[in-house]
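Here the structure comes first, spelled out in structure tokens, and everything after it is commentary.
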Amino acid sequence: DCAGVCFGSSADASFDLHEGNNLVSFYSLPQDASLEGIFDGLDLDGILGEGNASAYIGDAWYGSLDEIDAASGYWVQANSDQDIDFCGESSSSVMYTLHDANNLISYPYAGSQLISDALPGAVQDEVYAIVGEGVASLNIGGNWAGSLNGFDGGKGYWFARTAGSEDVQFSYNAPGLSDARSVTTALPEVPEAFRYAQSTEQSFYFVEAITQNDEAMTDNNWILAYNNDVIVGARMWNGEYTDIPAM
């Protein structure tokens, strides 16, 4: 804890948690990276990583997840809106190993980068989809299509690869000075009538085109996903390959 002042290679980590499920990662970590050290005083239900998890019961953590790793992403389940603030060592020099199928990893910088700028070309060829919290992008012939166009500091991401793929190692390209501000696309706020609960289990439909009465779908129309009579996803139509979430 640096008492709000960071020195040398330290970096201030500050981001908001909303009530419910938050897909996060850490671009800096304090010396004590245990769950107690990072989340002390927060009102949480639990934390899920890739293949491990812990629940907060009473005043202690129980489960297989003991501490936060700079290379990993996590679902943080918050009981109310709150924020995380601490000072720690920068995570920018992380080397990642992607196995086959789904990988839950971090973005190690505090700023923001487009997918095409952040990932080396050879790595982009190895990943067919990237999924964030309620957003996704599909690799179509080397071009990324969907609501997720870049990475933001403090967010976690699922990298999807073909089953049976060989392991591949990479590091993100370092962002430039112009990437200090967000370059990711801000989505329209979902109207109250279409609201749905963010789940840790999410899927996406990528829709190339929609026609109704022989008329092509136009912008500013909302596309809804239902499970029986319950809305489980909503996205404003924004053209070819609009992604529709389904929780």
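The values are calculated or read from the model by the stated rules, or taken from the named source; none is laboratory data. Bear in mind the structure is a predicted one, so any value in this text is a computation, not a measurement. For neighbour counting, all protein chains shown are included, and Cβ atoms are generated from backbone atoms with ideal geometry for every residue, glycine included. Side chains are part of the model used for accessible areas, which takes the heavy atoms of the whole protein and leaves out ligands, DNA and RNA. Shrake-Rupley method; radii C 1.70, N 1.55, O 1.52, S 1.80 Å.
Of all the criteria given as (1) over 25 Å from Tyr196 (Cβ atoms); (2) among the polar types (S, T, N, Q); (3) surrounded by 13 or more Cβ atoms within 10 Å (Cβ to Cβ); (4) modelled with pLDDT of 95 or more, the one not satisfied by Asn79 is (1). Kindly list, by first and then second residue, each pair from a residue in segment 128-143 that is surrounded by fewer than 22 Cβ atoms within 10 Å (Cβ to Cβ) to a residue that is of a type in the set (Asp, Glu) and outside any loop (DSSP other than H, G, I, E, B), limited to pairs with Cβ atoms under 8 Å and residues at least 6 apart or on different chains. That search, which allows pairs on different chains as well, returns Leu138/Asp243.
On the stretch given as segment 233-245, residues that are farther than 18 Å from Glu189 by Cβ and open to solvent by 20 Å² or more (accessible area, probe 1.4 Å) total 2. Applying the criterion of being open to solvent by 30 Å² or more (accessible area, probe 1.4 Å), at pLDDT 60 or above and over 17 Å from Ser92 (Cα atoms) to the residues of segment 1-26, the residue that is farthest from the chain's Cα centre (by Cα) is Glu19. If you go through segment 115-127 one residue at a time, do you hit one that is in a loop (DSSP other than H, G, I, E, B) and within 19 Å of Phe15 (Cα to Cα)? No, segment 115-127 contains no residue that is in a loop (DSSP other than H, G, I, E, B) and within 19 Å of Phe15 (Cα to Cα). Scanning segment 144-168 for residues that are acidic (Asp, Glu) and either crowded, with 19+ Cβ neighbours inside 10 Å or more than 13 Å from His99 (Cα to Cα) (or both) turns up just one, Asp152.
Under the condition of being farther than 30 Å from Asp117 by Cα, within 25 Å of the chain's Cα centre (by Cα) and open to solvent by less than 60 Å² (accessible area, probe 1.4 Å), the residues counted in segment 179-221 number 3.
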